[in-house]
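As structure tokens, the structure follows; a few thoughts come after it.
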Amino acid sequence: MSWFSPGRLRAVVLKEFVQMRRDRATFAMIVGIPVVQLLLFGYAINSDPRHLPTVVLDADGGPYARAIVQAMRRSGYFEVRDHAPSEAAARELLQLGRAQFVLNIPVDFSRRLLRGERPAVLLEADATDPAATGPALAALSLLMAGVLDRDLPGPLAELHGGAGPVELLVHRHFNPENITQYNTVPGLMGVVLTMTMVIITALAITRERERGTMENLLATPVRPLEVLTGKILPYIAVGYLQISLVLGAARLLFDVPMEGSLALLYAVALLFIVANLSVGITFSTLAKNQLQAVQMAFFFFLPSLLLSGFMFPFRGMPGWAQAVGGCLPLTHFLRIARGVLLKGAGFADIAPELWPIALFMAAVMAVALKRYRRTLD
Amino acid sequence: MDLVIDVQGITKRFGGKTVVNGLDMQVGRGEIHGFLGPNGSGKTTFIRMLCGLLTPDAGSGACLGLDVLRQQAAIRLQVGYMTQRFSLYEDLSIRENLDFVARLYAVPDRRAAVAESLERLGLAGRSRQLAGQLSGGWKQRLALAACLIHRPKLLLLDEPTAGVDPKARREFWDEIHQLAAGGLTVLVTTHYMDEAERCHRIAYIAYGSLLARGTVPEVIARAGLATWEIGGPDLPRTAARLRALPGLEQVVAFGGTLHVSTRDRARAQASLAEAFRGGAQRCAEITPGLEDVFISLMGAARDNFERGAAASETREEAPRP
Ligand SMILES: Nc1ncnc2c1ncn2[C@@H]1O[C@H](COP(=O)(O)OP(=O)(O)OP(=O)(O)O)[C@@H](O)[C@H]1O
Ligand SMILES: [Mg+2]
């Protein structure tokens with residue numbers, strides 16, 4: 001009796017396809033997770049916060065002070081709510097968290113500016129969350145220089161250039177718009193695949209066991225390799241569907257550049273998809289029930305999310321974390337996706353990222369084949 | 001005789017508990033062999049070992065002429081196993097389930113085989129219905145059809161008629177008899193006495209050990225049981241009274257009568273004569289039925305088992321040096 005039969009594999013694949021089609025919840029997950037994650041990471045979790053409430057204490061009232069406030073409004077970072085009646089009131093707003101910034105413009109600001117005395121403008125910031133204020137502060141320092149450049153009249157043009165009128169701590173030096181989506185969306189593709197592919201197959205065999213269908217399946221001549229690959233193949237199509245969803249959104253919603261070859265990305269994604277499906281199928285041979293399988297999937301998902309370089313810069317992590325991250329397929333796929341999409345990397349550039357994924361997959365599949373039981377013992 | 005199942009000393013332990021204990025079984029071609037025993041006696045476990053779903057801890061033998069320990073894959077190809085619990089896919093339609101099984105067994109001319117199977121089931125019109133939406137009785141019929149589709153030589157049926165109405169049960173058994181007439185061998189577990197009587201031969205096990213085997217009349221005769229039927233008013237009180245008498249091993253309510261059975265005929269007769277002198281109740285000796293025999297066997301096995309367990313406990317408590 002043959003140890004592998006294409007006919008039996010076909011039977012399992014067809015059956016899985018039909019079951020997948022009937023399983024509304026799984027189908028919703030397949031489409032829902034990429035969409036929700038895109039919206040979350042693409043829009044909601046924005047590391048470049050804007051419209052921060054700002055209060056202005058304008059003791060000067062001159063045109064230059066107004067020009068600064070106008071420019072701040074236009075930048076989008078500051079939402080200038082009102083002019084506070086007093087310094088005490090402004091400080092209280094800051095204290096209560098109603099205002100992120102208080103801008104103090106001193107009494108003789110315009111006069112001293114025209115005299116070229118470099119008057120000080122004090123920006124008090126609620127720096128509880130540095131990530132929230134950093135980009136805005138950086139934008140402000142650029143903007144001050146720009147506004148006054150334009151507004152200072154001819155004879156005072158000599159004041160242009162050199163040190164600006166206000167010194168602000170600058171956290172970020174370039175890219176005043178800082179479009180985080182460029183970096184996030186390609187990575188999101190890998191995250192979505194890791195999450196859904198692992199969970200879908202993690203349930204595959206435990207579900208058979210829990211529903212009692214395993215007993216019937218084992219009594220038939222079907223072989224372990226046929227069951228395992230038969231449960232992986234249909235979900236490759238699902239993986240590609242998800243990739244297309246994310247890439248489509250990257251193009252339409254976020255204008256992410258696509259420098260390299262999409263065909264190359266699609267081809268290489270196959271390895272990554274199969275690697276994740278293998279992880280799931282391995283979990284499902286190890287787990288006793290569906291709950292355990294889902295827990296294992298999350299246990300794999302968390303380090304993938306945290307140590308792959310998606311959440312935190314890979315080079316900023318300690319050595320051991322980099323070592324763990326280096327084993328995970330997501331780490332390498334992130335580099336591939338970002339490389340191909342943002343930098344236009346070709347096959348030669350991404351080849352070094354391929355073999356760690358392949359190695360990982362082979363190891364995991366070996367465990368699955370070893371653990372898949374041919375009996376109910 | 002041409003033996004399809006021929007195994008000796010099959011034993012299975014789960015964590016130190018012996019669930020099947022040195023069981024022998026011989027079943028000839030075309031035979032319908034009943035397999036009976038109380039809940040948890042090891043019937044399902046034994047059947048699973050026959051078709052390679054569990055590995056025996058001890059024992060040897062052949063199934064369809066193939067070694068049960070080493071040629072499990074080849075055995076599977078020729079065995080149809082109907083599980084005790086419905087184990088087809090509830091989210092596949094009737095046709096999809098049959099088609100899946102047929103593909104796995106590489107049934108020649110699959111479409112025709114599935115169509116014929118649907119026709120025989122009487123489900124051709126509902127072949128698109130999901131298996132999960134079928135009633136219990138129809139599920140059983142679908143399961144039977146699925147395990148027949150690859151034309152097995154041996155059919156292992158684990159409580160195929162549990163929860164099925166009497167008419168459907170009769171049809172089911174008619175079909176089994178037809179199949180057996182065609183040369184198919186059937187091993188079937190059941191808890192129904194009428195079904196046991198429809199088998200060519202039966203085996204009765206309890207606590208994993210074989211207690212009786214043979215044709216139904218043989219099993220009854222070998223039990224050496226004497227049984228009386230008691231009718232009349234006020235039976236519950238009578239039953240309590242009879243249980244206190246010497247020599248009466250079992251007193252069981254059977255519909256509107258009591259069945260009193262014993263293996264010690266002479267003593268029981270004396271006790272009964274004493275008890276019913278001049279009473280309003282009827283007492284007549286009858287031939288014991290299969291059920292009387294099984295209840296008696298089960299009681300004896302329980303006594304044995306408990307004595308065995310007690311003996312091993314006292315051994316463990318033996319004084320240490
Ligand atoms: N996988 C297992 N692990 C541990 N114990 C088991 C396992 N399978 C069965 N048993 C135990 O073995 C004993 C025999 O079970 P089995 O299912 O064979 O009985 P059965 O005769 O089929 O009973 P029923 O008539 O209720 O179906 C039971 O006590 C059961 O608890
Ligand atoms: Mg059972």
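The values are calculated or read from the model by the stated rules, or taken from the named source; none is laboratory data. Quantities reported herein were computed from a predicted structural model and do not represent experimental measurements. Methodologically, a virtual Cβ is constructed for each residue, glycine included, from the backbone with ideal geometry; neighbour enumeration extends over all protein chains shown. When the accessible area is computed, the model is the full protein with side chains, heavy atoms only, and any ligands, DNA or RNA have been set aside. Shrake-Rupley method; radii C 1.70, N 1.55, O 1.52, S 1.80 Å.
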**Item:** Cα-centred dipole magnitude for region B:226-287, charges only on beta-carbon of K, R (+1) and D, E (-1), debye, nearest 20
**Value:** 100 debye
**Complete:** SASA check, A:Met296, accessible area w/ 1.4 Å probe, all protein chains in place, rounded to nearest 10 Å², comes out at 50 Å²
**Fill in**
Listed by chain and number, the aspartates and glutamates with an alpha carbon less than 18 angstrom from that of A:Lys343, same-chain partners under 8 positions apart left out, are A:Asp255, A:Glu259, A:Glu353
**Prompt:** Under a point-charge model restricted to the Cβ atoms of Lys and Arg (+1) and Asp and Glu (-1), what is the dipole moment magnitude of chain B relative to its Cα centre, in debye to the nearest 20?
**Reply:** 340 debye
**Item:** Neighbour cut-off at most 16 other Cβ (10 Å), DSSP loop, trypsin sites (Lys or Arg not before Pro), region A:282-377
**Value:** A:Lys288, A:Arg373, A:Arg374
**Prompt:** Top mean-square fluctuation among B:Ser41, B:Ser296, B:Ser87, Gaussian network model of chain B, C-alpha springs under 10 Å?
**Reply:** B:Ser87
**Asked** For region A:289-299, what does the Karplus curve 6.51 cos²θ - 1.76 cosθ + 1.60, with θ = phi - 60°, yield as ³J(HN,Hα) per residue in whole Hz, taken in order and with x for Gly and Pro?
**Response** 8, 5, 4, 4, 4, 5, 4, 4, 4, 5, 4
**Message:** Using each residue's phi in region B:42-54, evaluate 6.51 cos²θ - 1.76 cosθ + 1.60 at θ = phi - 60° and report the 3J(HN,Hα) Karplus result to the nearest Hz, with x for Gly and Pro.
**Reply:** x, 5, 4, 4, 5, 5, 4, 6, 5, 9, x, 7, 10
**Request:** Averaging sequence separations of C-alpha pairs under 8 Å and six or more residues apart, then dividing by the length of chain B, give the relative contact order as a whole percent.
**Result:** 18 percent
**Message:** Taking loop as defined by DSSP and a crowding limit of 16 other beta carbons within 10 Å, which trypsin sites (Lys or Arg not before Pro) in region B:27-69 fit?
**Reply:** B:Arg29
**Fill in**
Carbon/sulfur accessible area of the protein assembly as shown, % of total, 1.4 Å probe, equals 57 percent
**Asked** Give me the log10 of I(q) over I(0) for chain B at q = 0.07, 0.12, 0.13, 0.14 Å⁻¹, as the Debye formula computes it from C-alpha points; what are the numbers?
**Response** -0.37, -0.91, -1.01, -1.10
**Request:** Could you state how much accessible area A:Val69 has, in square angstrom rounded to the nearest 10, with a 1.4 Å probe and all protein chains kept in place?
**Result:** 10 Å²
**Complete:** Once B:Val251, A:Val324 are ranked on solvent-accessible area with the largest value leading and a 1.4 Å probe, the list reads A:Val324, B:Val251
**Message:** In 5 Å bins starting at zero, report the fraction of Cα pairs in region B:226-287 per bin as a rounded %.
**Reply:** 4, 20, 36, 29, 10, 1
**Prompt:** In chain B, with Lys and Arg counted as +1 and Asp and Glu as -1 at Cβ, which of these residues, B:Ser117, B:Leu92, B:Ile286, has the Cα nearest the positive end of the dipole, that is, farthest along it?
**Reply:** B:Leu92
**Prompt:** Taking a probe of 1.4 Å, how large is the accessible area per residue of the protein assembly as shown, in Å²?
**Reply:** 47 Å²
**Fill in**
Those GluC sites (Glu not before Pro) from region B:156-218 that are DSSP loop and have at most 15 other Cβ neighbours within 10 Å turn out to be B:Glu197
**Dipole magnitude of the protein assembly as shown about its Cα centre (Cβ charges: Lys, Arg +1; Asp, Glu -1), debye to nearest 20** = 1300 debye
**Request:** Leaving out ligands, DNA and RNA, calculate the buried accessible area for the pair A and B with a 1.4 Å probe, summed over both sides, in Å² to the nearest 100.
**Result:** 2600 Å²
**Prompt:** When all protein chains stay in place, what accessible area (Å², nearest 10, 1.4 Å probe) is found for A:His83?
**Reply:** 110 Å²
**Request:** Could I have the simple spin-label model distance between A:Leu122 and A:Ser244, label points 7 Å from Cα toward Cβ, reported in nm to one decimal?
**Result:** 6.1 nm
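Quick one: length gained pulling A:Phe299 to A:Glu259 fully straight, 0.36 nm per residue minus the C-alpha distance? Numbers along the way, then the final one.
Working: separation 40, 0.36 × 40 = 14.40 nm, distance 3.42 nm.
Separation in residues times 0.36 nm, less the Cα-Cα distance, equals 11.0 nm.
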**Request:** Mind checking which lysines have their Cα closer than 26 Å to the Cα of B:Lys12? Skip sequence neighbours fewer than 8 apart in that chain.
**Result:** A:Lys288, A:Lys370, B:Lys43, B:Lys153
**Item:** Heavy-atom accessible area, 1.4 Å probe, ligands and nucleic acids excluded: residues of region A:201-245 down by at least 40 Å² from chain alone
**Value:** A:Arg211, A:Thr213, A:Glu215, A:Asn216, A:Ala219, A:Thr220, A:Pro221
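What is the average number of partner chain Cβ atoms found within 10 Å of a Cβ in B:36-48?
Working: counts 0, 0, 0, 0, 0, 0, 0, 0, 1, 1, 0, 0, 6.
The mean count of partner-chain Cβ atoms within 10 Å per residue comes to 1.
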**Distance from region B:154-192 to region A:286-338 (C-alpha centre basis), Å** = 54 Å
**Asked** Taking the Cβ of B:Gly255 as the center, what net charge do the other residues with Cβ under 15 Å away carry, scoring Lys and Arg +1 and Asp and Glu -1?
**Response** -3
**Message:** Can you give me the long-range amide H partners of B:Arg85? Hydrogens built in the peptide plane at 1.01 Å from N, cutoff under 5 Å, separation of 5 or more residues or another chain.
**Reply:** none
**Message:** Counting only other chains, and only Cβ atoms inside 10 Å, what mean value do you get across the residues of A:9-20?
**Reply:** 3
**Message:** What aspartates and glutamates does B:Lys139 reach when the alpha-carbon gap must be under 15 Å and sequence neighbours fewer than 8 apart in one chain are set aside?
**Reply:** B:Glu90, B:Asp91, B:Glu96, B:Asp158, B:Glu159, B:Asp165, B:Glu171
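Relative contact order for region B:226-287 using alpha-carbon pairs under 8 Å, separation at least 6, rounded to a whole percent? Intermediate results must be reported in sequence, preceding the final value.
Numbers: 95 pairs, mean separation 29.7, N = 62.
Relative contact order, region B:226-287: 48 percent.
Give me a single rounded figure for B:91-104: the average over its residues of other chain Cβ atoms within 10 Å of their Cβ.
Values: counts 9, 5, 2, 0, 0, 5, 2, 0, 4, 9, 4, 1, 11, 14.
Partner Cβ neighbours, averaged per residue: 5.
Please state, as a whole number in µm²/s, the translational diffusion coefficient that the Stokes-Einstein equation yields for the protein assembly as shown at 4 °C and 1.567 mPa s, with Rh defined as the Kirkwood radius across alpha carbon pairs.
The estimated diffusion coefficient comes to 40 µm²/s.
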**Prompt:** Which FRET efficiency value, to the nearest 0.05, is calculated for A:Leu142 and A:Val35 with the Förster distance at 35 angstrom and r the Cβ-Cβ distance?
**Reply:** 0.50
**Asked** Ordering B:His191, B:His150 by how much accessible area each has at a 1.4 Å probe, largest first, what is the list?
**Response** B:His191, B:His150
